[in-house]
Amino acid sequence: MTIRYGLAAFENDLRAILGRASDFRQIIEEARPFFRQLLDDDELVPEAYRQPLPDKYAQYLLYKPEDNAFSVVAFVWGPGQTAPVHDHLTWGLVGVWRGGIEEKRYHRTRIEDGRQEAYKLQEVQTVRASQGDISYVYPPDRDIHGVSNPFDDTAITVHVYGTDIGQQQRFIYDTDSADARPVVTRHANAQPIYAAGALPDRDVPAGRSGLRKEG
């Protein structure tokens with residue numbers, strides 16, 4: 001029997017971490033190995049949700065528990081598609097499930113201006129990531145980035161956040177002025193692809209996640 005580590009098992013492990021850790025960096029470090037196992041699930045993103053939209057990246061809510069303690073979201077990036085520079089205001093893990101992406105990381109600092117509050121936005125790193133690679137975000141020091149797909153093939157990334165990111169007010173940044181604009185980036189689907197249900201055992205036979213798909 002093939003054993004599959006899926007969303008239900010991941011929730012068990014993540015809730016154990018959240019029950020003992022409140023520091024964002026600690027949560028990320030402890031959750032990373034379980035997230036890596038989740039990325040190995042070839043059925044994690046259903047076939048119907050793997051195609052890019054024609055005009056922008058697609059954002060699909062895969063799963064969230066009823067208490068919104070976290071969310072698992074799939075982003076589908078067509079060639080050349082990009083997200084504006086933004087923050088999250090919570091912890092997050094970003095894994096490449098298919099294809100490759102480019103991530104630009106930024107740091108925003110206040111500058112002295114006698115007349116008004118002013119900031120500068122400095123690009124600190126550019127990273128190209130491929131299937132299986134994992135990055136992370138958390139405020140205040142590592143929370144601002146931009147993501148794009150500069151390649152010829154579709155990319156799919158899976159993200160785990162410490163809240164339902166589709167309801168979280170956060171900010172988009174102008175890279176020249178460092179001005180911040182509030183935004184809520186809502187999911188393309190009103191209901192999670194996988195609905196919350198009773199958790200099965202940790203080891204799950206292939207093809208049975210213990211969670212039911214919507215519809």
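Under 5 Å between amide hydrogens, built in the peptide plane, is the criterion, and for residue 99 it picks out 131, 156 among residues at least 5 positions away or on other chains.
Per-residue Cβ neighbour counts within 10 Å put 22, 135, 148 in the sequence 22, 148, 135, beginning with the fewest. Relative to the longest principal axis of the Cα atoms of the chain, helix 7-20 runs at roughly 60 degrees. For the pair residue 21 and residue 169 in one chain, pulling the backbone fully straight at 0.36 nm per residue adds 50.9 nm over the alpha carbon distance.
Apply the Debye scattering formula to the chain, with a single equal point scatterer on each alpha-carbon and no solvent, then give log10 I(q)/I(0) at q = 0.10 Å⁻¹. Result of the Debye calculation: -0.44. Residues whose amide H lies under 5 Å from that of residue 57, counting only those 5 or more places away or on a different chain, are 82; hydrogens are built 1.01 Å from N in the peptide plane. Only helical runs count toward this figure. For the chain, summing -39,500 (n - 2.57) over DSSP H runs of n ≥ 4 and dividing by all residues gives -4500 deg cm²/dmol at 222 nm. Each residue of segment 142-147 was assigned a 3J(HN,Hα) from its phi angle through the Karplus expression (A = 6.51, B = -1.76, C = 1.60, θ = phi - 60°), giving 9, 10, 10, 7, x, 10 Hz with x at Gly and Pro.
Against the compact-protein benchmark of 2.2 N^0.38 Å, the Cα-based radius of gyration of segment 18-105 scales to 1.18. Peptides 6-14, 172-180, 101-109, ordered by how many other C-beta atoms sit within 10 Å of their residues on average, highest first, read 6-14, 101-109, 172-180. For residue 179, the residues 5 or more places off, or on other chains, whose built amide H falls under 5 Å of its own are 174. Each label point was placed 7 Å from the Cα along the Cα-to-Cβ direction; for residue 125 and residue 112 their separation is 3.0 nm. On full extension, the segment bounded by residue 47 and residue 177 gains 42.7 nm, given 0.36 nm per residue less the C-alpha separation.
Laboratory data are not the source of any read-out in this text; all were calculated from the coordinates shown. None of these values were measured; they are calculated from a predicted model. Neighbour counts run over all protein chains shown; Cβ positions are idealised from the backbone, glycine included.
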